[in-house]
Amino acid sequence: MSRKQPYERIDRDVARRYDVLGRIGRGCYGVVFEVQAKDVALDYQRYAMKKILYAYTNSSDAQKTYREISYLMEFGHHENIVQVHDVLCSADDRHVYIVMQLADSDLRRAIKNRCLREIHRPLIA
């Protein structure tokens, strides 16, 4: 039986609300999971959940985390930006979880597969 890496562990309070279905990806600042809400009122909806690791290690990381959440919340009504469903902090306040709309693809995959065209340029520039 393999032990989960620290970045793959989910806080107990978060695990009470969401089932982790799998890992979507990982980057410098965190990991993204596909999750499913446990709440019947949410119709057991699936989401992407970004776990930002050590979000408050220093003022720069804290500011970056705050800025990302603020921008997503402010512009989430736009059709090309994922909508934030929930924001949670770990019990020890070291990590932040952003639960957001699950997208079919991501920009990295689109660039890697070379499926972007000139018409897409204004959307990402």
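The values are calculated or read from the model by the stated rules, or taken from the named source; none is laboratory data. Every value quoted in this text rests on a predicted model; they were computed, and no experiment measured them. Glycine also receives a Cβ, built like all others from the backbone with ideal geometry; neighbour counts cover every protein chain displayed.
Observations, loosely collected:
- Subset of the stretch 20-43 [under 13 Å from the mean Cα position of the chain (by Cα) and of a type in the set (A, V, I, L, M)]: VAL20, ILE24, VAL31, VAL32, VAL35
- Any hit, the stretch 78-91, residues being at pLDDT below 90, in a loop (DSSP other than H, G, I, E, B) and within 13 Å of the chain's Cα centre (by Cα): yes
- Top-ranked residue of the stretch 44-72 - restricted to ones that are part of a loop (DSSP other than H, G, I, E, B) and within 17 Å of TYR18 (Cβ to Cβ), ranked as farthest from the chain's Cα centre (by Cα): TYR44
- Total residues in the stretch 24-43, condition surrounded by fewer than 13 Cβ atoms within 10 Å (Cβ to Cβ) and either outside any helix (DSSP H, G or I) or of a type in the set (Asp, Glu) (or both): 5
- Filtered residues of the stretch 58-79 (kept if hydroxyl-bearing (Ser, Thr, Tyr) and free of Cβ contacts under 8 Å to residues at least 12 places away in the same chain): SER59, SER60, TYR66, SER70, TYR71
- Among the residues of the stretch 53-67, those that are in contact with a Lys or Arg (Cβ under 9 Å, 6 or more places away or on another chain) and within 19 Å of VAL14 (Cβ to Cβ) comprise LEU53, TYR54, ALA55, TYR56.
- Scanning the stretch 5-19 for residues that are exposed (fewer than 15 other Cβ atoms within 10 Å of the Cβ) and either within 13 Å of the chain's Cα centre (by Cα) or part of a helix (DSSP H, G or I) (or both) returns PRO6, TYR7, GLU8, ARG12, ASP13, ALA15, ARG16.
- Residue that is surrounded by the most Cβ atoms within 10 Å (Cβ to Cβ), among those in the stretch 44-70 that are among the hydroxyl-bearing types (Ser, Thr, Tyr) and closer than 20 Å to GLY25 by Cβ: TYR47
- One residue from ARG26, ARG108 being at pLDDT below 90, of a type in the set (D, E, K, R), touching a strand residue (DSSP E or B) at 6+ places or on another chain (Cβ under 9 Å) and closer than 17 Å to GLU8 by Cβ: ARG26
- The residues of the stretch 1-23 that are modelled with pLDDT of 90 or more and among the β-branched types (Val, Ile, Thr), listed by number, are VAL14, VAL20.
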